[in-house]
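To start, the structure under review is shown below, and the notes come after it.
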Amino acid sequence: MVYQIAETFDEPRRLTQAVLQIVDMLGLYQAELARVLRLKCGDIGCLASAQQCLEPATPAWEQAQLLVRCYRALYVVHNGEGVAMRHWLRIPEDTLGGVPHLMIVDDGRLADVVAWLEARVERRSG
């Protein structure tokens, strides 16, 4: 099950919780989140167990903000259909130039995927 995330997060605990929920809703692994946020797997364990939160003004914080934007745009593009959202992440998207999931996790191209999705949202609403 997925749900819409309508707000932005400027508070560490709320951003940390949102990112962990996004990972769960999209069927990602914590190890993949570690790669996206450029952290160690043990750090993700600490986030998941509420022993620590993401810290503002760090690369992990910036990546987390991007991940929230990615999720929000993906939600809009696929009309909140969780299966379609998860499927899209795992199939080649020719106009994007690859498989979004691999681009995000393996290639460090979260910003490219976010820009592509947000352009799609803009075209839909414009």
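Mean separation of Cα pairs under 8 Å and 6+ residues apart, divided by the residue count of the chain: what relative contact order is that in percent?
Values: 132 pairs, mean separation 33.6, N = 126.
That works out to 27 percent.
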| request: Could you go through the range 7-19 in sequence order and give the Karplus-derived ³J(HN,Hα) for each residue, using 6.51 cos²θ - 1.76 cosθ + 1.60 with θ = phi - 60°, rounded to whole Hz, and x for Gly and Pro? | output: 10, 9, 10, 10, 9, x, 5, 5, 5, 4, 4, 4, 5
| field | Positive-pole candidate from Val114, Leu54, Val83, dipole of the chain, charges at beta carbon | value | Val83
| How would you classify the range 1-41 from its alpha-carbon gyration tensor, with a ≥ b ≥ c the square roots of the eigenvalues: rounded for a/c under 1.5, else prolate if a/b is greater than b/c, otherwise oblate? | oblate
| task | Calculate one ³J(HN,Hα) per residue across the range 39-48 by plugging θ = phi - 60° into the Karplus curve 6.51 cos²θ - 1.76 cosθ + 1.60, and present them in order as whole Hz with x for glycine and proline. | result | 10, 8, 4, x, 5, 5, x, 5, 5, 5
| message | Multiplying the sequence separation of Arg38 and Arg90 by 0.36 nm and subtracting their Cα-Cα distance, what value in nm do you get? | response | 16.6 nm
| remark: Unit-weight point scatterers at every alpha-carbon of the range 2-84, Debye formula, q = 0.15, 0.25, 0.26 1/Å: log10 I(q)/I(0) is -0.49, -1.28, -1.36
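Out of the total accessible area of the chain (probe 1.4 Å, heavy atoms of protein only), what percent is carbon and sulfur?
Values: 3520 of 6900 Å².
Roughly 51 percent, rounded to a whole number.
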| request: Mind pulling the angle between the C-alpha long axis of helix 110-125 and the longest principal axis of the chain? Nearest 10 degrees, somewhere in 0 to 90. | output: 50
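Need one word for the range 43-84: rounded, prolate or oblate. Basis is the Cα gyration tensor (sqrt eigenvalues a ≥ b ≥ c); a/c below 1.5 gives rounded, then a/b vs b/c decides. Could you put the intermediate results ahead of the total?
Working: a/c = 4.29, a/b = 1.87, b/c = 2.29.
Oblate.
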| request: Starting from the amide H of Arg109, placed 1.01 Å from N in the peptide plane, find each other amide H under 5 Å away whose residue is 5 or more places distant or on another chain. | output: Ile104
| task | Could you let me know the centre-to-centre spacing of the range 59-126 and the range 6-20, using Cα atoms, in angstrom? | result | 18
| remark: Long-range amide H partners of Gly98, meaning residues 5 or more apart or on another chain whose placed amide H is closer than 5 Å, are Glu93
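The values are calculated or read from the model by the stated rules, or taken from the named source; none is laboratory data. Please read these numbers as outputs of a predicted model, since none were measured by experiment. Counting neighbours? That spans all protein chains shown, and the Cβs are built from the backbone with ideal geometry, glycine included. Surface areas here come from the heavy atoms of the whole protein model, side chains and all, with no ligands, DNA or RNA. Shrake-Rupley method; radii C 1.70, N 1.55, O 1.52, S 1.80 Å.
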